[in-house]
Amino acid sequence: MSKSIQDKLKASVKASLAKANQPKKQDMTTEEVMTSIGIPKSTSRPKDICVYKIKYHNRARLDHVKYPNERLRPLPDSPIFATYADGDKWCKKKEKEDPENIYFTHMTWVPEPEVPKAVLKKIKERGW
């Protein structure tokens, strides 16, 4: 006994209605998405601390008319200093070792976990 087209159509309509009447799955919230991909939810962020890092400039390319793209660049793996004077001493020492570049002390903000303990202690002594 084969089913007629009408019977097949009725079965198809019933299946569609049953599927439509099922409760819809709600979208995941941002928290649920973050935890599902392994990012922990944190309500606090690390405090930023004002420190001094080093930037450098090629001494031979100081003429920006001649070399328009040459600018100050951050020193890779730059040491962190608590005061400008400490950074300036390091720059002068480094310029004697490397006369090709000029080094500058640059004030910037760094998250607290990235600041070494010794520098953090000097910053607290500095008072601001």
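Every number in this text was worked out from the coordinates using simple rules, so none of it is lab data. Bear in mind that the values here come from a model prediction, so they are computed numbers and not experimental data. Counting neighbours? That spans all protein chains shown, and the Cβs are built from the backbone with ideal geometry, glycine included.
Would you mind giving the average projected area, over all directions, of the Cα convex hull of segment 1-118 in nm² with one decimal?
18.4
Starting from the 7 Å offset along Cα-to-Cβ, what nm value, one decimal, do you get for the label separation of LYS122 and ASN69?
Calculated label separation equals 3.6 nm.
Mind checking the full-extension length gain between LEU62 and MET34? Use 0.36 nm per residue of separation minus the Cα-Cα distance, one decimal, nm. Each step should come with its number before you reach the end.
Details: separation 28, 0.36 × 28 = 10.08 nm, distance 4.76 nm.
Gain in length upon complete extension: 5.3 nm.
With a sphere of radius 10 Å drawn around the Cβ of LEU75, what net charge do the other residues whose Cβ falls strictly inside it have (Lys, Arg +1; Asp, Glu -1)?
Residues near LEU75 contribute +3 overall.
Can you give me the span-like helices of the chain, meaning DSSP H runs with 27 Å or more of Cα extent along the axis and Kyte-Doolittle mean at or above 0.5?
None pass (Cα extent of 27 Å or more, hydropathy at least 0.5).
State, to one decimal in nm, how far the label point of ALA85 lies from the label point of LYS14, with both points 7 Å from Cα in the Cβ direction.
Here the answer is 9.1 nm between the modelled labels.
What is the sum of charges, Lys and Arg at +1 and Asp and Glu at -1, for the other residues whose Cβ falls under 10 Å from the Cβ of HIS57?
So the surrounding residues net to +4.
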